[in-house]
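Take this structure, written in structure tokens, and hold onto it; I'll ask about it next.
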């Protein structure tokens, strides 16, 4: 049984039985059957369904947002924003998929040469709990618009979200089997990947999970796209607009209670403005209000699970023992973790070397731009980054030197449906969103006519 527990007070919400072996196989067979017809449908037909899915999301935004907050604990305003983002994602791929995947004529010596993009089968999505709707829709919209079908293995603690998403596709009118939720534990994943019905795997999760799934996918010669952890640098140069920078620094680190792969985690600040930055940053974090996520006045909800809160607490304690200075926050009650800032962070501390998946910001002081880049790249992760400066030319020059999938200059690092999203190094490979994302799970086929 999967248990859905409200993180704020640890109350049991609901229990869900795991699929039996026969029920799981039935869903996989249904996906195979659905693909045979779905792949033949037109872009116009699929687009119409995704526009309807966006309408369903907006019509039921309150219900979906309440379920997100109840199951994983983010503040209710962030849950509403997440549902809206899903609707926008559906509409984006509904409007752009046909253009992204149109045939490309190539000039050769033949009478006709072209590249065409064709669907491949079922794509298994292994998704996390931190954005339980958005993570799924940013996979499903491009994958299904390309003519594939989707199988979702969601995190067990957001099982109601998982089932609701399947209901959204059903209410929008998608044919039976085109998108299905699989309530199964991790021990069933290997068998699902090995099924000939599954032709691709998209995973968002931990480095360990990504390594295991990539290994199974590789042994079965199946395409994988991995979006894993991050320890994003937030580089503040001496000429940055501090009032704007501080505001976004607090938001970037503390939104979703810090539970985001692309949250800013390491704040790399020039020594000439270090004191001013730290003073204002501490004030901004102290102004946050941690508590019941259904309270509209609360800015920071609980962490999603007790084990996650305990791990973050241990990482913070080990960093302090290694010499980091706690400037504010850091106390924990159950899953409720007071937003914290640690200073004097150096390599060898969890606050520098590991992903701190929660509301803890690390401050690192540097003396030069070269040192800032060196520190930014001194991580096994490379998902996102941001640079803050009034010199846009300098900002772009530094951005090109940072080892990450995205760099935002004077802006909050985020995933945007119009832009490719993904990482390098231990943050994974492949891309989601935009034109790059929809082309991950298609057969790029060459046709040559002599």
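Only one residue in 304, 257 is assigned to a helix (DSSP H, G or I), touching a residue at least 40 places away in the same chain (Cβ under 8 Å) and not assigned by TED's automatic domain parsing to the domain that holds residue 65, so which one is that?
Working: 304 fails: assigned to a helix (DSSP H, G or I).
Going through 304, 257 in turn, the sole match is 257.
Still on this structure: Scan region 313-328 for residues that are surrounded by 17 or more Cβ atoms within 10 Å (Cβ to Cβ), within 27 Å of residue 129 (Cα to Cα) and in contact with a helix residue (DSSP H, G or I) (Cβ under 8 Å, 6 or more places away or on another chain) and jot them down.
315, 316, 319
Does residue 312 satisfy the criteria of being touching a residue at least 40 places away in the same chain (Cβ under 8 Å) and either part of a helix (DSSP H, G or I) or within 18 Å of residue 407 (Cα to Cα) (or both)?
Yes: the conditions hold for residue 312.
For region 41-63, enumerate the residues that are over 27 Å from the mean Cα position of the chain (by Cα) and either free of Cβ contacts under 8 Å to residues at least 60 places away in the same chain or part of a helix (DSSP H, G or I) (or both). Steps first, answer last, please.
Narrowing region 41-63 to residues over 27 Å from the mean Cα position of the chain (by Cα): 41-42, 44-45.
Once the filter is applied, which keeps residues that are over 27 Å from the mean Cα position of the chain (by Cα) and either free of Cβ contacts under 8 Å to residues at least 60 places away in the same chain or part of a helix (DSSP H, G or I) (or both), region 41-63 yields 42, 44, 45.
Right, another one. For residue 70, state whether it is touching a strand residue (DSSP E or B) at 6+ places or on another chain (Cβ under 9 Å), in a helix (DSSP H, G or I) and farther than 25 Å from residue 298 by Cβ. Steps first, please.
On the way: touching a strand residue (DSSP E or B) at 6+ places or on another chain (Cβ under 9 Å): yes; in a helix (DSSP H, G or I): yes; farther than 25 Å from residue 298 by Cβ: no.
It is false that residue 70 is touching a strand residue (DSSP E or B) at 6+ places or on another chain (Cβ under 9 Å), in a helix (DSSP H, G or I) and farther than 25 Å from residue 298 by Cβ.
Same structure again: Residue 205: in contact with a strand residue (DSSP E or B) (Cβ under 7 Å, 6 or more places away or on another chain) and modelled with pLDDT under 95, yes or no? Break it down into steps so the answer makes sense when it comes.
Numbers: in contact with a strand residue (DSSP E or B) (Cβ under 7 Å, 6 or more places away or on another chain): yes; modelled with pLDDT under 95: no.
No; evaluated as a whole, the condition is false for this residue.
Within region 12-39, which residues are loosely packed, with under 14 Cβ neighbours inside 10 Å, in contact (Cβ under 8 Å) with a residue 40 or more places away in the chain and closer than 17 Å to residue 177 by Cα?
Of everything in region 12-39, those that are loosely packed, with under 14 Cβ neighbours inside 10 Å, in contact (Cβ under 8 Å) with a residue 40 or more places away in the chain and closer than 17 Å to residue 177 by Cα turn out to be 29, 37.
If I ask for residues that are in contact (Cβ under 8 Å) with a residue 40 or more places away in the chain and farther than 25 Å from residue 72 by Cα, which ones from region 260-297 would you list?
The answer is 267, 268, 269, 270, 271, 274, 277, 278, 281, 282.
Got at least one residue in region 278-297 being modelled with pLDDT of 95 or more, touching a strand residue (DSSP E or B) at 6+ places or on another chain (Cβ under 6 Å), buried (at least 20 other Cβ atoms within 10 Å of the Cβ) and within 22 Å of residue 381 (Cα to Cα)?
no
Ok, one more. Does residue 241 count as surrounded by fewer than 16 Cβ atoms within 10 Å (Cβ to Cβ) and within 23 Å of residue 32 (Cα to Cα)? Working first, answer last.
On the way: surrounded by fewer than 16 Cβ atoms within 10 Å (Cβ to Cβ): yes; within 23 Å of residue 32 (Cα to Cα): no.
So residue 241 does not fit the description; no.
Considering (1) farther than 21 Å from residue 91 by Cα; (2) surrounded by 20 or more Cβ atoms within 10 Å (Cβ to Cβ), say which one residue 65 fails and leave the rest.
(1)
Let me ask something additional. Examine region 95-104 for a residue that is in a helix (DSSP H, G or I), at pLDDT 95 or above, under 21 Å from the mean Cα position of the chain (by Cα) and surrounded by fewer than 16 Cβ atoms within 10 Å (Cβ to Cβ), and state whether such a residue exists.
Looking for residues that are in a helix (DSSP H, G or I), at pLDDT 95 or above, under 21 Å from the mean Cα position of the chain (by Cα) and surrounded by fewer than 16 Cβ atoms within 10 Å (Cβ to Cβ), one finds none in region 95-104, hence no.
Hey, any hits in region 193-211 for a residue that's assigned to a helix (DSSP H, G or I), in the same structural domain as residue 33 (by TED's automatic domain parsing), over 19 Å from the mean Cα position of the chain (by Cα) and farther than 25 Å from residue 66 by Cβ?
Checked against the condition, which is being assigned to a helix (DSSP H, G or I), in the same structural domain as residue 33 (by TED's automatic domain parsing), over 19 Å from the mean Cα position of the chain (by Cα) and farther than 25 Å from residue 66 by Cβ, region 193-211 yields at least one hit.
With the checklist (1) surrounded by 16 or more Cβ atoms within 10 Å (Cβ to Cβ); (2) assigned to a strand (DSSP E or B) in hand, flag the one item residue 83 doesn't pass.
(2)
The values are calculated or read from the model by the stated rules, or taken from the named source; none is laboratory data. Model, not experiment: these values are computed from the prediction. Cβ: placed from backbone, ideal geometry, glycine included. Neighbour counts: every protein chain shown.
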